[in-house]
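*Asks:* First, the structure itself, so that you have it in front of you.
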């Protein structure tokens with residue numbers, strides 16, 4: 001019995017790896033054809049030695065594929081691998097032989113689902129390490145996205161030149177920064193001035209307008225000297241050269257899940273629409289790795305419809321159509337939740353629940 005279980009698990013894992021590699025190769029080819037010109041603007045210049053240019057191309061492809069496609073490829077690979085594993089077994093009469101030998105179908109299905117569960121745990125780790133890191137690299141190195149803020153706990157930091165800025169929250173619609181601390185360093189790297197203000201208004205030309213700011217000025221020649229404090233200061237800082245508008249596009253969505261949870265719990269004074277987007281994104285990211293297991297479960301009723309006649313067409317078309325409906329419902333639910341028509345965070349979990357329930361109903365006639 002253990003050998004039989006290992007047989008099906010090995011087939012599932014082999015197909016999962018094959019589908020994943022094949023999809024990566026196909027997508028890499030498409031990316032090279034469609035976005036070949038983007039290679040020159042990614043990372044280090046490609047005009048150097050041929051070997052360096054080749055490494056840049058591989059790095060571009062890996063970051064692009066990992067950040068844009070890997071998260072979705074994992075559950076799709078699980079679905080295809082489960083479907084082929086049991087559809088193949090049905091066509092070659094392996095399932096019939098197993099049942100004729102007195103072995104319950106559940107004994108070969110559960111090990112495959114257990115393998116899918118382990119892959120879900122692995123996907124959860126990949127989402128918060130490799131995939132998230134690739135998204136951060138892509139965000140920071142693609143043309144027009146340089147000098148992105150580095151988010152921290154309940155705030156984010158922005159470093160450019162001799163100025164380091166800590167910002168609690170950014171409102172894109174009103175072009176406002178809140179809870180701002182500006183640290184200015186001298187030529188020797190020592191802090192010569194600290195500006196703290198509750199609110200900064202950024203004009204269209206990049207000038208920062210500060211009202212009622214507290215300013216501490218330090219003597220760079222005498223570190224032990226007491227700083228000079230000025231309060232209720234109004235000033236305008238021309239930070240256009242520092243690409244100040246980048247701060248308005250700061251996206252906490254590239255934080256890790258624990259850090260994003262802290263950011264949301266801090267209740268930053270942000271636009272309500274942006275908060276809804278971030279909370280929705282949090283639940284999407286939290287639920288997405290478990291689609292590896294959910295899609296494996298979803299593939300079962302379609303795969304087990306294939307028998308010794310080997311008619312793959314009907315079950316395969318029905319499976320693809322069901323996946324299409326799942327993504328359509330999920331996308332519509334996400335849009336409705338961001339428009340406050342549905343509770344935030346409900347859609348991904350509801351979609352998973354519907355899949356689990358619907359698949360259980362579809363499998364009720366199977367002789368498990």
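*Asks:* For residue 189, are the conditions met, namely being touching a helix residue (DSSP H, G or I) at 6+ places or on another chain (Cβ under 9 Å), within 30 Å of residue 227 (Cβ to Cβ) and either modelled with pLDDT under 85 or not assigned by TED's automatic domain parsing to the domain that holds residue 356 (or both)? Write out each step before concluding.
*Replies:* Details: touching a helix residue (DSSP H, G or I) at 6+ places or on another chain (Cβ under 9 Å): no; within 30 Å of residue 227 (Cβ to Cβ): yes; either modelled with pLDDT under 85 or not assigned by TED's automatic domain parsing to the domain that holds residue 356 (or both): yes.
So residue 189 does not fit the description; no.
*Asks:* Another question, if that's okay. Within the range 329-345, restricting attention to residues that are in contact (Cβ under 8 Å) with a residue 40 or more places away in the chain and not in a loop (DSSP other than H, G, I, E, B), which residue is farthest from residue 276 (Cα to Cα)?
*Replies:* 334
*Asks:* Report whether or not residue 359 is surrounded by 16 or more Cβ atoms within 10 Å (Cβ to Cβ), touching a helix residue (DSSP H, G or I) at 6+ places or on another chain (Cβ under 8 Å) and modelled with pLDDT under 85.
*Replies:* Working: surrounded by 16 or more Cβ atoms within 10 Å (Cβ to Cβ): yes; touching a helix residue (DSSP H, G or I) at 6+ places or on another chain (Cβ under 8 Å): yes; modelled with pLDDT under 85: no.
No.
A quick yes/no check of all residues on (1) surrounded by 16 or more Cβ atoms within 10 Å (Cβ to Cβ); (2) within 30 Å of residue 29 (Cα to Cα); (3) touching a residue at least 60 places away in the same chain (Cβ under 8 Å):
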| position | (1), (2), (3) |
| --- | --- |
| 60 | yes, yes, no |
| 72 | no, yes, no |
| 84 | yes, yes, yes |
| 99 | no, no, yes |
| 105 | yes, no, yes |
| 111 | yes, no, yes |
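*Asks:* Identify, by number, the condition in (1) within 30 Å of residue 365 (Cβ to Cβ); (2) at pLDDT 85 or above that residue 70 doesn't meet.
*Replies:* That leaves (1) as the condition not met.
*Asks:* Any idea how many residues of the range 266-298 are at pLDDT 80 or above and closer than 25 Å to residue 203 by Cα?
*Replies:* Going through the range 266-298 one residue at a time, the tally reaches 0.
*Asks:* Across the range 86-97, what is the total count of residues that are assigned to a helix (DSSP H, G or I) and either touching a residue at least 24 places away in the same chain (Cβ under 8 Å) or crowded, with 24+ Cβ neighbours inside 10 Å (or both)?
*Replies:* Final tally of qualifying residues: 8.
*Asks:* Next up: Which residue out of 317, 306 is out of contact with any helix residue (DSSP H, G or I) (no Cβ under 7 Å at 6 or more places or on another chain) and assigned by TED's automatic domain parsing to the domain that holds residue 118?
*Replies:* 317 is the lone residue from the list that is out of contact with any helix residue (DSSP H, G or I) (no Cβ under 7 Å at 6 or more places or on another chain) and assigned by TED's automatic domain parsing to the domain that holds residue 118.
*Asks:* Could you say which residue among 210, 229 is at pLDDT 80 or above, under 19 Å from residue 168 (Cα atoms) and assigned to a strand (DSSP E or B)?
*Replies:* Every option except 210 fails the conditions.
*Asks:* Within the bounds of the range 251-265, is there any residue that is touching a strand residue (DSSP E or B) at 6+ places or on another chain (Cβ under 8 Å), at pLDDT 90 or above and surrounded by fewer than 17 Cβ atoms within 10 Å (Cβ to Cβ)?
*Replies:* No: zero hits.
The values are calculated or read from the model by the stated rules, or taken from the named source; none is laboratory data. Only a predicted model underlies this, so the values are computations on that prediction, with no experimental measurement involved. Reconstructed Cβ throughout: ideal geometry from the backbone, glycine too, with neighbour counts over all protein chains shown.
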